[in-house]
1. Checking the condition touching a helix residue (DSSP H, G or I) at 6+ places or on another chain (Cβ under 7 Å) and either closer than 17 Å to residue 131 by Cα or within 16 Å of the ligand (Cβ to nearest atom) (or both), which residue from 306, 237 passes?
2. Name the one entry in 157, 210 that is in contact with a strand residue (DSSP E or B) (Cβ under 9 Å, 6 or more places away or on another chain), away from the ligand (no atom under 13 Å from the Cβ) and closer than 26 Å to residue 87 by Cβ.
3. So which residues in segment 19-39 are in contact with a strand residue (DSSP E or B) (Cβ under 7 Å, 6 or more places away or on another chain) and either at pLDDT below 95 or crowded, with 20+ Cβ neighbours inside 10 Å (or both), if there are any at all?
4. Residue under question is residue 162, and the condition is that it be within 15 Å of the chain's Cα centre (by Cα) and either in contact (Cβ under 8 Å) with a residue 40 or more places away in the chain or more than 15 Å from the ligand (Cβ to nearest atom) (or both); does it hold?
5. Enumerate the pairs (first residue in segment 293-305 and farther than 15 Å from residue 136 by Cβ; second residue anywhere and part of a loop (DSSP other than H, G, I, E, B)) with beta-carbon separation below 6 Å, excluding pairs fewer than 6 apart on the same chain, so at least 6 apart or on different chains.
6. Of all residues being within 11 Å of the ligand (Cβ to nearest atom) and surrounded by fewer than 17 Cβ atoms within 10 Å (Cβ to Cβ) in segment 56-86, which is nearest to residue 27 (Cα to Cα)? Just the residue, please.
7. What are the residues in segment 123-140 that are within 13 Å of the ligand (Cβ to nearest atom) and within 24 Å of residue 237 (Cβ to Cβ), if any?
8. Where in segment 206-323 are there helices (runs of 4 or more DSSP H), lying wholly inside it, with at least 2 residues that are modelled with pLDDT of 95 or more?
Ligand SMILES: NC(=O)c1ccc[n+]([C@@H]2O[C@H](COP(=O)([O-])OP(=O)(O)OC[C@H]3O[C@@H](n4cnc5c(N)ncnc54)[C@H](O)[C@@H]3O)[C@@H](O)[C@H]2O)c1
């Protein structure tokens, strides 16, 4: 219970270690330190000594450069993994075997079979595993899901998702750090597609110049189109349309958190979010609140390891189309 959790004594709160302190790991650490009732940030881990030390100093917690320290720390009941994507499945499996609940950033590794193994390992140990598909906690997408499930859209005919970044998340070769564009970026859209419409029967994909188009055919007969780019100069974009037999939903069409238009001599200027952290600010907080509530109550997270493995399988199918 979130409200009660906020009043718990520190020793009764769930101790969490954040593993991997790049941009998203530090964001999760800040949220855990201040915004997640029932949780206590217990430790931060990164192999870069200066980064671990500086983050720990900012947030007043223990730090180390070794994952094993988190796994043997009796203060740590749960892990938030935000290390490079290729390491995720192995880190989750080791975490579960050491008896820790795990929140793991997406994707759950780069291999669907290893992701499935990590999911099974958590399940067999009776531990929670949640994966960082934060869109499932975005207020716009949640409202759309409720309307679809409530029958307001009728039968879904077409799902269109637009998911664009201003630039790649890092310079240099992204493969060893994040995997393909499909595994890193479209994987969010594959998860959204399965969540909103159902299982996907067929995937066709094209990729050129940091840009991709993916066409989906769902088992229930609906169609889907996803467009991705890492070259949207105007900012971060995450919106969708769900076209159904009874009505059409536009999701996040006016998605700016600051929805102000400036009328100037040169035209109308508005402020789209610069990046995912601004667009999904509340979702990143709420997914961790949900995780901690699931650890406290023993209930299954809304998005877990099997969902992550399914999304990765679709990413692999897309990769094969452009190989
Ligand atoms: N859900 C989202 O919207 C979202 C957004 C950004 C990133 N991510 C995911 O989060 C992960 C991290 O992304 P990032 O951009 O912060 O990456 P990053 O490369 O900037 O940071 C990763 C950090 O992990 C550390 N690291 C490397 N090996 C490690 C190990 N064995 N144990 C612990 N830490 C280790 C690195 O030193 C680095 O500081 C990626 O998997 C990415 O896909 C998700």
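The values are calculated or read from the model by the stated rules, or taken from the named source; none is laboratory data. All values derive from a computational prediction rather than experimental measurement. Cβ coordinates were reconstructed from backbone atoms using ideal geometry, including for glycine residues, and neighbour counts include every protein chain displayed.
1. 306 is the lone residue from the list that is touching a helix residue (DSSP H, G or I) at 6+ places or on another chain (Cβ under 7 Å) and either closer than 17 Å to residue 131 by Cα or within 16 Å of the ligand (Cβ to nearest atom) (or both).
2. So the residue among 157, 210 that is in contact with a strand residue (DSSP E or B) (Cβ under 9 Å, 6 or more places away or on another chain), away from the ligand (no atom under 13 Å from the Cβ) and closer than 26 Å to residue 87 by Cβ is 210.
3. Those that are in contact with a strand residue (DSSP E or B) (Cβ under 7 Å, 6 or more places away or on another chain) and either at pLDDT below 95 or crowded, with 20+ Cβ neighbours inside 10 Å (or both): 19, 20, 21, 25, 28, 29, 32, 38, 39.
4. No; evaluated as a whole, the condition is false for this residue.
5. 295/128; 296/38
6. Applying the filter and picking the extreme gives 84.
7. Result: 131, 132, 133, 134, 135, 136, 137, 138.
8. Here the list reads 281-297, 305-322.
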